[in-house]
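Each remark here refers to the structure printed beneath this line.
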Amino acid sequence: MTQRLTPRIAFLLTLPPLLWAGNAVTGRLVNGLVPPATLNFMRWALAFLILLPLAGWVLRPGSGLWTKWRRFSVLGLLGVGCYNALQYLALKTSTPLNVTLVAASMPIWMLVVGALFFGQPVQARQWAGGLLSIVGVLTVLSRGDLDTLLHVRLVPGDFYVLLATAAWAFYSWLLVRPGDPPAIRADWAAFLMAQIAYGLAWSGLFAAAEWQFSDAQIHWGWPLVAALAYVAVGPAVLAYRCWGLGVQAMGPSVAGFFANLTPLFTAVMSATLLGEVPHLYHVLAFALIVGGIVLSSRRRA
């Protein structure tokens, strides 16, 4: 049973979008200092070290982590290995505001993936809401110019963030499927550690390929060290914990509205830190995406 929305719960659900917006802006700020797949690997390696005192027992034989290697390997691939690496890659050619707005198309991806691969029926109002969200995404991709949309001139980052969003949709549906060891599922730190354990192998493989097939370089300094500390502690660990508590209290539907605060926070941060002032088409796109989410989330009387 969901609880009443209190100031504490509202704070728990507002902090993750703020941290996720900071993650997008940080990825843009350091894209000249560290390659994207390498940044993703280092981020989760630090998160692994942070969680080790809290959930190191997961790595022991008999915890259930190794017997469920197929499930946690797929979760680690989609959630840890692919999603953020693709997002950081997208930020090399796209702006943080574009990335977060396109990622706000998640509801339509959830509907499509659920219907095609998990047998989840979709109601007409959900399709209508999803259509509005798609129009919002197309508004971002076209930069508010119909001629641009007709000629399909996309930057690579737009494509990468769409792939990242699709990967997160599959990841989210797999999360709700049964099959996790009870002791791991009941402990948020253990559940995240189980995914990171396999996700580090995937992200390490992607980072190695990045260094093998490109002229990857790392420019060490305090800006990069501070960025790594932030993306590991904030978006990876703290946001995950707060989001889990908020979803448990209010349910996924209400929490979903808070997730779409991310583009708003990103717009403010981008204007302040990057000088990337939002345009009118960003405002229109956000209104369409949120309108679609509200429509698809409404319950019948």
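What the table shows:
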| item | result |
| --- | --- |
| Inter-residue pairs, beta-carbon under 7 Å, first without any contact (Cβ under 8 Å) to a residue 60 or more places away in the chain and among the hydrophobic types (A, V, I, L, M, F, W, C) and in the stretch 260-280, second buried (at least 20 other Cβ atoms within 10 Å of the Cβ) and assigned to a helix (DSSP H, G or I), 6+ apart | none |
| Residue within the stretch 66-82 that is modelled with pLDDT under 85, under 25 Å from residue 176 (Cβ atoms) and not hydrophobic (A, V, I, L, M, F, W, C) present | no |
| Inter-residue pairs, beta-carbon under 8 Å, first closer than 16 Å to residue 232 by Cβ and in the stretch 26-37, second part of a helix (DSSP H, G or I) and of a type in the set (Val, Ile, Thr), 6+ apart | 26/231; 27/231 |
| Qualifying residues in the stretch 243-291 (those that are under 23 Å from residue 135 (Cβ atoms) and modelled with pLDDT under 70) - the one farthest from the chain's Cα centre (by Cα) | 253 |
| Out of 26, 67, sole residue that is of a type in the set (Ser, Thr, Tyr) and either at positive phi or not in a loop (DSSP other than H, G, I, E, B) (or both) | 26 |
| Residue in the stretch 147-169 that is nearest to residue 110 (Cα to Cα), counting only those that are in a helix (DSSP H, G or I) and modelled with pLDDT under 65 | 149 |
| Condition broken by residue 119, with the remaining ones in (1) on the phi > 0 side of the Ramachandran plot; (2) touching a residue at least 40 places away in the same chain (Cβ under 8 Å); (3) not acidic (Asp, Glu) satisfied | (2) |
| Residue 50 being in a helix (DSSP H, G or I), of a type in the set (A, V, I, L, M), more than 18 Å from residue 232 (Cβ to Cβ) and touching a helix residue (DSSP H, G or I) at 6+ places or on another chain (Cβ under 7 Å) | no |
| Residue check for residue 13: surrounded by 15 or more Cβ atoms within 10 Å (Cβ to Cβ) and modelled with pLDDT under 90 | yes |
| The listed residue being under 17 Å from residue 172 (Cβ atoms) and either assigned to a loop (DSSP other than H, G, I, E, B) or of a type in the set (Ser, Thr, Tyr) (or both), out of 126, 87, 120 | 120 |
| Single residue of 58, 74 found to be in a helix (DSSP H, G or I) and surrounded by fewer than 18 Cβ atoms within 10 Å (Cβ to Cβ) | 74 |
| When residues of the stretch 83-132 are limited to those that are in contact with a Lys or Arg (Cβ under 9 Å, 6 or more places away or on another chain) and loosely packed, with under 15 Cβ neighbours inside 10 Å, the one nearest to residue 179 (Cα to Cα) | 118 |
| Test: residue in the stretch 204-214 that is without any contact (Cβ under 8 Å) to a residue 40 or more places away in the chain and farther than 16 Å from residue 80 by Cβ | yes |
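The values are calculated or read from the model by the stated rules, or taken from the named source; none is laboratory data. Note that the structure is a prediction, hence the values are computed from the model and not measured. Ideal geometry is used to build each Cβ from the backbone, glycine not excepted, and the neighbour counts take in all protein chains shown.
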